[in-house]
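Colleague: Pasting a structure here, questions to come.
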Amino acid sequence: MRLGRALGLLIVILALAAAFVSFLVLTGETKIQPTPAVVRTAGIVNGLLVLLLIGVVAYEAFGIWLARRRGRAAARLHVRIITLFSFVAALPAIFMAVIASITLDKGLDRWFSERTQAIVATSRTVAQAYVQEHSRTLALDLLAIAGEFNRVRPDIGANRDAIAAYLTNQADLRGLSAAELIHRDGSPIIEGQTRTNLEVPPPPENIFAEADAGRPSLIAPGTTNLVGGVIKLAALEDVYLYLARPIDPRVTRYLRLTEENAAEYEELRANRFGVQVAFAILFIGVALVVLLSAIWIGLGFADRLVTPIRRLISAVSEISSGNLDVRVPSASGVGDINLLGHTFNTMTSQLRSQRDELLATNDQLDERRRFTEAVLSGVSAGVIGLDKDGRVTLANRSATEALRMPEGDLLGHALAETVPELAPMLEEARQRLRGPTEGQVQIVREGDSRTLNVKVTQERLKGRLDGFVITLDDITDLVAAQRRSAWADVARRIAHEIKNPLTPIQLSAERLKRRFGARVAEDDRKVFDQCTDTIVRQVGDIRRMVDEFSAFARMPKPQMDERDLREVVREAVFLQEVGNPNIRFELALPDEAVMANVDHRLVTQALTNVVKNATESIEGRGGANASGLILVRVSEDQGAAVIDVEDNGKGLPQEAREALLEPYMTTREKGTGLGLAIVRKIMEEHGGSVALLDPPWIGEGRTGALVRLTFPVGHEAVAAASTPTPTRQAAEGA
């Protein structure tokens, strides 16, 4: 770029110098005459320099166009400034071109006007009239002397001296510079003596043609100041009379100058259009040189003006992208652009220092926030932060798990809309002047009812409400465990109180039947036997119920060992299959063993309860026992062993389905409501879970149920076995 600018500067200097020299030549200020050849040469030189200038300007313009096409900063401003400079430079040049053209045309019109032509013609006529007057006088002299020779017819050979004397006498009388008799070839025959003793050149050869006709043939003054004439002597053979008379040298010089000026004037008039064209081309060339030089200088000035602005725009763009380390180079000196650069650098320095301070503060806040989030994520209680309008600003993982909602559905939303169960407590806390608001809330998510212990605390700043902090504790398992523990205590007491009188009642009924059965009258015997049998049967039913109470109340601690769940399933299903021949049982067992750390007896009991419930559900459909189907599937899923029991019985209720896992909750008339409660208790003791689901094929008039038992395997099973269950904790607390 520097080389290009230097080359452009050299071309501009040469072009301006050539234009200035051409101007001096055209105005006649130099020794060089502005002849057509000189004008043509000047036009060619200036034309070549104009082409070079056009190339330089085109190169600069191409760079500007390329920068604008690439979207370079300040490209539009650059184009506008250059356009303005070009317009300012072109307008005077165009104006001067018009003025010069008109002036040249008017000047040439004045030079070639009729009056000027008349003056030139008159000058030539006056000069020629003077010469012609001398020529006529000389012609008379030629005729007079020639007539005398023709009359006398002298013998030239015999009278040479007389003839010479005669010629000398005539030359003196008539003021001649030469009086000679010559041959046609110009060689002298006889010469007369004259007083001027001037050397007279011989007559030109072409003069004799006119003289042969017997008329005087005159010779105009040439390089000498003589007027000559030749006439043929008719009386003599090959003899011609040659006379020459001098005229005033000044007249000759003026005559010659007049002829030259007149000839030059005629040449200029003949070449007027060519001169106009040549001068116009040369002037256009000079004007283009000046114009293009001005444009090139304008380009350089625009570059110097736009470059700092472009740097500022680029720096602002860098700042907008976040780079505050950018600086604008500014030269030393005084100027608005330099002042702007210094001010900009000061501003960026201040912004950078403020940004560093903000980043440092933000890092501290972020570190505190991460610490707070780490603390909140580590606590078991759910924590929710709200602003003064009740919108969620913070929710830890425990809170999202307790509410069964992703964090994205909570943050930024009104808690009263996303979790309407908490709206009453939030409103109560808003109305309270001080102190927290506590209570328990039941929420239902995906059919699962959870009990949450909620505490709402106000967050005040300078006595003004600024937000709320809500803590959530999921006490569902604890409440359920406490309830089961209470039911187990009740069951133990009931079993103890009821079981004691059952044996005497049964023995008494049997003794009555044996002792007094034969003494009862025949008419009352049937009623007597029916009553005693009913007593014995009902006592047996009560005894079985008491046994279930005892089993629920006195659940032993599991004795874990590695077992193949396939074998456990086969044993439990075989017992029920034998007792229910009208129901079809199917097993879906994997080829490889599914090992789990379980108590064989308790898991068999749990699985037996589930399969038994399935058979009772099929029997409860009413009349379609032959089509009953129970499918038991064993599988492994993501580090857990799963046992699925599917049946096509009457199915499970859609509402409050999880309540069936609570003690004494049943859908059968004679059910105790302890079967699934025992299953749940056994699964909790194993660190697993029980889920009441619908089979995938349910719908379109088909009914059924799916009970899924999930057991941990590997390290998870060991950890689960060593972790106290909520039921055991509640029992120990009780």
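The values are calculated or read from the model by the stated rules, or taken from the named source; none is laboratory data. Just so it is clear, the structure is predicted and the values come from calculations on it, not from any experiment. Note: ideal-geometry Cβ built from the backbone for every residue, glycine included; neighbour counts use all protein chains shown. Accessible surface is based on the protein model in full, side chains and every heavy atom, while ligands, DNA and RNA are left aside. Shrake-Rupley method; radii C 1.70, N 1.55, O 1.52, S 1.80 Å.
Colleague: Could you please let me know if Ala488 is part of a helix (DSSP H, G or I), among the small types (Gly, Ala, Ser) and either at pLDDT 80 or above or open to solvent by 80 Å² or more (accessible area, probe 1.4 Å) (or both)?
Modeller: Answer is no for this residue.
Colleague: Something else: Of everything in the range 357-370, what is at pLDDT 85 or above and of a type in the set (D, E, K, R)? Give them in sequence order.
Modeller: Hits for the range 357-370 are Glu357, Asp363.
Colleague: Does the range 555-598 hold any residues that are open to solvent by 70 Å² or more (accessible area, probe 1.4 Å) and either hydroxyl-bearing (Ser, Thr, Tyr) or in contact with a Phe, Trp or Tyr (Cβ under 8 Å, 6 or more places away or on another chain) (or both), and which are they?
Modeller: Glu577
Colleague: Tell me whether the range 181-202 contains one or more residues that are in a loop (DSSP other than H, G, I, E, B), closer than 15 Å to Ala139 by Cα, open to solvent by less than 70 Å² (accessible area, probe 1.4 Å) and at pLDDT 75 or above.
Modeller: No, the range 181-202 contains no residue that is in a loop (DSSP other than H, G, I, E, B), closer than 15 Å to Ala139 by Cα, open to solvent by less than 70 Å² (accessible area, probe 1.4 Å) and at pLDDT 75 or above.
Colleague: Continuing with the same structure: Does Arg352 qualify as being under 30 Å from Pro329 (Cα atoms), open to solvent by 40 Å² or more (accessible area, probe 1.4 Å) and assigned to a helix (DSSP H, G or I)?
Modeller: yes
Colleague: Scan the range 203-231 residue by residue and report those that are open to solvent by 20 Å² or more (accessible area, probe 1.4 Å) and aromatic (Phe, Trp, Tyr).
Modeller: none
Colleague: Inside the range 397-420, can you point out the residues that are of a type outside the set (Asp, Glu) and open to solvent by 80 Å² or more (accessible area, probe 1.4 Å)?
Modeller: Arg397, Arg404, His413
Colleague: May I pose another question? Kindly indicate whether any position in the range 258-281 is surrounded by 21 or more Cβ atoms within 10 Å (Cβ to Cβ) and at pLDDT 65 or above.
Modeller: No, the range 258-281 contains no residue that is surrounded by 21 or more Cβ atoms within 10 Å (Cβ to Cβ) and at pLDDT 65 or above.
Colleague: Take the range 48-63 and flag every residue that is in contact (Cβ under 8 Å) with a residue 60 or more places away in the chain and either of a type in the set (Ser, Thr, Tyr) or open to solvent by less than 30 Å² (accessible area, probe 1.4 Å) (or both).
Modeller: Leu49, Val50, Leu53, Val56, Val57, Glu60
Colleague: Further, regarding this structure: Scan the range 383-404 and give yes if some residue there is part of a helix (DSSP H, G or I), within 33 Å of the chain's Cα centre (by Cα) and within 30 Å of Leu472 (Cβ to Cβ), otherwise no.
Modeller: no
Colleague: Quick test of your reading of the structure: Ser689 fulfils all but one of (1) at pLDDT 70 or above; (2) over 18 Å from Asp599 (Cβ atoms). Name the failing condition by number.
Modeller: Condition not satisfied by Ser689: (2).
Here is a yes/no grid of residues against (1) aliphatic (A, V, I, L, M); (2) at pLDDT below 75; (3) not in a helix (DSSP H, G or I):
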position: Ile11; (1), (2), (3): yes, no, no
position: Ala17; (1), (2), (3): yes, no, no
position: Lys31; (1), (2), (3): no, no, yes
position: Gly43; (1), (2), (3): no, yes, no
position: Gly47; (1), (2), (3): no, no, no
position: Leu51; (1), (2), (3): yes, no, no
position: Ala58; (1), (2), (3): yes, no, no
position: Ala67; (1), (2), (3): yes, yes, no
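Colleague: Follow-up. Suppose we filter Glu619, Glu522 for residues that are open to solvent by 30 Å² or more (accessible area, probe 1.4 Å), under 23 Å from Leu661 (Cβ atoms), modelled with pLDDT under 85 and among the acidic types (Asp, Glu); which single one remains?
Modeller: None of the others qualify; the one that does is Glu619.
Colleague: Now a separate question. Which members of the range 165-180 meet the condition of being open to solvent by 10 Å² or more (accessible area, probe 1.4 Å) and small (Gly, Ala, Ser)?
Modeller: Our first condition is that a residue be open to solvent by 10 Å² or more (accessible area, probe 1.4 Å); within the range 165-180, this holds for 165-166, 168-170, 172-175, 180.
If the condition is that a residue be open to solvent by 10 Å² or more (accessible area, probe 1.4 Å) and small (Gly, Ala, Ser), then Ala165, Gly175 are the ones that fit.
Colleague: Moving to a separate point now. I need every pair where a residue in the range 535-548 that is assigned to a helix (DSSP H, G or I) has its Cβ under 7 Å from the Cβ of a residue that is at pLDDT 70 or above and open to solvent by 70 Å² or more (accessible area, probe 1.4 Å), sequence separation at least 6 or different chains.
Modeller: Within 7 Å, the pairs are Ile535/Ile505; Val539/Ile505.
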